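Chemist: Pasting a structure below so you can have a look.
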Amino acid sequence: MNLSSNICSLLEGKKILLAFSGGIDSSALFFLLSQRGIKCDLAIVDYCLRVQSKDEVAYAKELASLYGIKCFIATAPKFESNFEQNARNFRYEFFENIIDKERYDVLLTAHQLNDNLEWLLMRLCKGAGVSELVGLNEVTKKKNYLLVRPLLGFSKDELLEYLKVNNHKYFIDETNSNQEYERNYFRANFSDVLIKKHKSGIKKSFEYLKIDALLLEDKYEIIFKQQELVIAKMKDMSYLAKAADLILKELGYLMSSKQREETRENKNVVIGGLWAIGVSRDMLFVAPYRKTVLPKEFKEKYRVSYIPPLVRGYIYDENINLEVIC
């Protein structure tokens, strides 16, 4: 088993942080990287839910010592509700704080084929189009780093076999069998079973979905991006809601089917109280929503420049210069 040459070339010469847990996926990724001579530092979160989590943190420290790399550790607070979402938010805030402070170029996560299928099935059950069903991308450009998922072409069973054959240590998180969590329910009842029986067909389907998603993305072009403001020139206005959906997905927000329908009908909307979507002529604007009192001169300047009202607060707060657009 080897990582793709394209991924290895992308990682060459980069400063890399690996989201590590000590489980099958991240342990396999660490050793596959080491096998190719690619060094990475580790970042691990202890959620303090299991006695074993202390052993996993100790394992991360052990690997750091053996391989001469850094190991960053965070202890999560106790989340009283919505554990999956709160844990994810805490985890990525931890990773991004390290990336900002230590100047990492790449964040690696160990999502694999089973994870991708779980994602597809969960979105399918909630109402989704091609861009949502395509699932996770191998490479995603974030504000100041690349998020790379090198294992999407491998199943969990393949990674486990690799660890066993090479006598590499790993841990099994028993909470992954707790079907109170949505992802675990889909994993136990659907994705793992399907991949055991239809792995090659599922891999091929994801390849086709990615091609179809790229065709959709040809309907617009990103012409400006600064911080979390994105401006796109629409080549086909009938794809406006889809473009907004894809842009927000890159920004880390997943629209519901109801929100996509609202965008189709109204065009200028606030999504989830968090994101502003505005349309002006053939231009789509997406930015965080800010309730900011704007100076009269600023409002007039952007009114005559056809900047949609809902995004003006963010532009003003962040002092973004749009004269190149206007």
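Nothing in this text is a laboratory measurement; each read-out follows from the coordinates by a stated rule. Note that the structure is a prediction, hence the values are computed from the model and not measured. Positions of Cβ are generated from backbone atoms using ideal geometry, with glycine treated the same way; all protein chains shown enter the neighbour counts.
Chemist: Once label points are set 7 Å from the Cα along Cα→Cβ at both residue 256 and residue 87, what is their separation, rounded to one decimal in nm?
Modeler: 2.3 nm
Chemist: Based on the Cβ-Cβ distance from residue 183 to residue 4, what FRET efficiency comes out when R0 is 22 Å, to the nearest 0.05?
Modeler: Approximately 0.30, to the nearest 0.05.
Chemist: Taking residue 299 as the anchor, which lysines have their alpha carbon closer than 16 Å to its alpha carbon, excluding any fewer than eight residues away along the same chain?
Modeler: The qualifying lysines are 291.
Chemist: Round to a whole angstrom and tell me the spacing of the C-alpha centers of the stretch 290-322 and the stretch 178-210.
Modeler: 45 Å
Chemist: Measuring from label point to label point, each 7 Å out along Cα→Cβ, what is the residue 172 to residue 66 span in nm?
Modeler: The two pseudo-label positions are separated by 2.1 nm.
Chemist: Magnitude of the Cβ-charge dipole of the stretch 139-230, K/R +1 and D/E -1, about the Cα centre, nearest 20 debye?
Modeler: In debye, rounded to 20, the stretch 139-230 gives about 240.
Chemist: Would you work out the charge dipole size for the chain about its Cα centre, treating the Cβ of every Lys and Arg as +1 and the Cβ of every Asp and Glu as -1, and quote it to the nearest 20 debye?
Modeler: Result for the chain is approximately 440 debye, rounded to the nearest 20.
Chemist: Within the stretch 152-220, report the trypsin sites (Lys or Arg not before Pro) that DSSP leaves as loop and that have at most 11 other Cβ atoms within 10 Å.
Modeler: When the trypsin sites (Lys or Arg not before Pro) of the stretch 152-220 are filtered for loop state and at most 11 Cβ neighbours within 10 Å, 169 remain.
Chemist: So how far apart, in nm, are the two label points at residue 78 and residue 212 if each is 7 Å from Cα heading toward Cβ?
Modeler: 4.6 nm
Chemist: With no solvent and one equal point scatterer per Cα, compute the Debye intensity ratio I(q)/I(0) for the stretch 166-258 at 0.12 Å⁻¹ and report its log10, rounded to two decimals.
Modeler: Normalising to I(0) and taking log10 leaves -0.67.
Chemist: Would you mind telling me the antiparallel percentage of the DSSP bridges in the chain, rounded to 5?
Modeler: So the antiparallel bridges amount to about 60 percent of the total.
Chemist: Over the stretch 121-268, what relative contact order in percent results from Cα pairs under 8 Å that are six or more residues apart?
Modeler: In percent, rounded to a whole number, it is 23.
Chemist: Sort 114-125, 250-261, 284-295 for me by packing, meaning the mean count of neighbouring Cβ atoms within 10 Å per residue, highest on top.
Modeler: Those peptides, ordered most packed to least, come out 114-125, 284-295, 250-261.
Chemist: Suppose the chain between residue 321 and residue 97 were pulled fully straight at 0.36 nm per residue; how much longer would it get relative to their current alpha carbon spacing?
Modeler: Full-extension gain reported as 78.0 nm.
Chemist: Under 1.5 on a/c is rounded, so check that first for the chain, then, if it is not, pick prolate when a/b is larger than b/c and oblate when it is not; a ≥ b ≥ c are the square roots of the alpha carbon gyration tensor eigenvalues.
Modeler: It comes out prolate by the Cα gyration axes.
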